[in-house]
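Working notes, structure below.
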Amino acid sequence: MSLKVALEYIGRAKLAYKRSGFPSQQRLAEALGIHRETVSKFLNGKPISYLNFEEICQKLGLDLEEIADFGTQEDESSEPPVRIDSLQERLLGYAGLSDTQSTPDEVEPISAQTSPFLFEQILQIDFREQSRLFKQVIQSHRTAGFLIHGEPCCGQQFLVNRLLRLKRGWQNHSPIKIDVSYSGVGRSIPNLWRELTPWFSLPRDARPSEIMDRVCDRWQTQDVIFIFYTVDYMLPGMLSAWLQEFWEPLVARATENMPKCETHLLMFLVDYCGSVCQTSVRLAEQCEHPEYPRLPLCLPPASPFPLDALDEWIDNLSISSQVQIPAGLTSRILLERSSNGVPQFVYEEICKHCGLSWEGVLAKWLD
């Protein structure tokens with residue numbers, strides 16, 4: 001016998017997964033000893049075995065009796081195989097990924113030529129206030145740090161991508177990306193310094209002063225952008241100590257020798273749980289703060305998209321000649337099927353209507 005998540009509870013199941021702390025479906029599958037495809041089916045309302053359904057519910061803290069669709073029990077072995085059409089195969093080949101989310105039969109996928117345009121348009125949904133403040137800062141400061149934060153699933157990583165498209169040339173720039181939750185990196189300041197050394201062709205035991213010298217040297221000719229992901233994983237005292245040991249002296253040293261070209265030295269701290277602002281970490285609340293940019297600027301939190309923002313996005317997309325809005329895709333539908341505008345669920349719903357795989361293509365394409 002098999003079960004699936006009832007349609008009206010798919011959003012809740014996905015939210016429980018995002019809040020579970022597992023960085024990927026693969027990690028959750030490994031913790032349960034099952035295939036990743038089984039997790040993907042569960043999260044997308046596809047039938048899986050009763051035992052696997054029960055195990056996933058227990059791991060995610062979900063009530064099986066509440067979220068299960070008992071009216072459509074079926075033999076899991078009778079499931080038709082997932083069909084991947086030629087367009088999706090080409091897209092997945094481009095991304096170097098495997099697909100785990102089937103495309104509804106009634107959806108005609110957008111063309112391979114227009115999918116990059118759609119991805120860029122998705123980045124334009126809302127985040128107006130954060131974008132306005134960011135542009136204001138980079139116009140008046142050559143060095144700047146920012147805290148990107150909000151509740152889980154609110155699109156923090158995509159907000160970073162949005163901001164990095166606000167200056168010509170940054171879109172093709174390769175930022176220095178450090179996930180501080182990986183292998184406990186964010187629990188040790190020496191480990192954080194070591195994670196930076198490969199980016200500047202230095203030995204692992206290079207001194208902090210050597211690393212900062214390399215940063216300043218590179219800044220003389222090109223933009224230097226640091227992105228520290230998952231800073232909510234760090235202990236508050238550790239994050240404060242890291243900013244005092246890394247960012248504050250780096251800004252002081254950099255401003256003593258400003259480049260002649262219009263390059264920027266930037267840092268993004270990405271908080272996926274919205275917890276950093278509730279700690280004692282010192283942040284600037286506005287760019288006129290006397291200690292800014294030595295202190296990172298706390299941008300407004302990423303939050304669910306309101307209906308008017310979704311309305312505006314649909315309207316702008318409807319007048320484009322590069323992509324046709326799929327039938328049935330409306331702002332109201334997006335709001336209703338995304339737990340009232342939770343950004344990541346909005347992105348997933350748009351992909352579903354366009355015949356694209358969220359996990360297989362879009363999420364990694366925007367990484």
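The values are calculated or read from the model by the stated rules, or taken from the named source; none is laboratory data. Here the structure is a predicted model, which means the values were calculated and not measured. No Cβ is skipped: glycine too gets one built from the backbone with ideal geometry, and neighbour counts run over all protein chains shown. Side chains are part of the model used for accessible areas, which takes the heavy atoms of the whole protein and leaves out ligands, DNA and RNA. Shrake-Rupley method; radii C 1.70, N 1.55, O 1.52, S 1.80 Å.
Brief remarks follow.
- Altogether, the Stokes-Einstein calculation at 25 °C and 0.890 mPa s, with the Kirkwood radius of the stretch 267-335 over Cα pairs as Rh, returns a diffusion coefficient of 159 µm²/s.
- Unit Cα scatterers, Debye sum, the stretch 227-323: log10 I(q)/I(0) for q = 0.17, 0.20 Å⁻¹: -0.86, -1.01
- A simple count of charges around Val185, restricted to other residues whose Cβ falls under 9 Å of its Cβ and scoring Lys, Arg +1 and Asp, Glu -1, yields 0.
- Translational diffusion of the stretch 122-231, estimated by Stokes-Einstein from the Kirkwood radius over alpha carbon pairs at 10 °C in a medium of 1.306 mPa s, is 102 µm² per second.
- Taken over the stretch 189-260, the percentage of Cα pairs per 5 Å bin, counting from 0 up to the bin with the maximum distance, is 3, 14, 26, 26, 19, 9, 2, 0.
- Burial ranking of peptide ranges 226-238, 124-136 (average Cβ count within 10 Å, highest at the top): 226-238, 124-136
- Each 10 Å bin from zero holds the following percent of Cα-Cα pairs in the stretch 153-200: 22, 37, 35, 6.
- Using heavy atoms of the protein chains and a probe of 1.4 Å, the accessible area assigned to His35 is about 140 Å².
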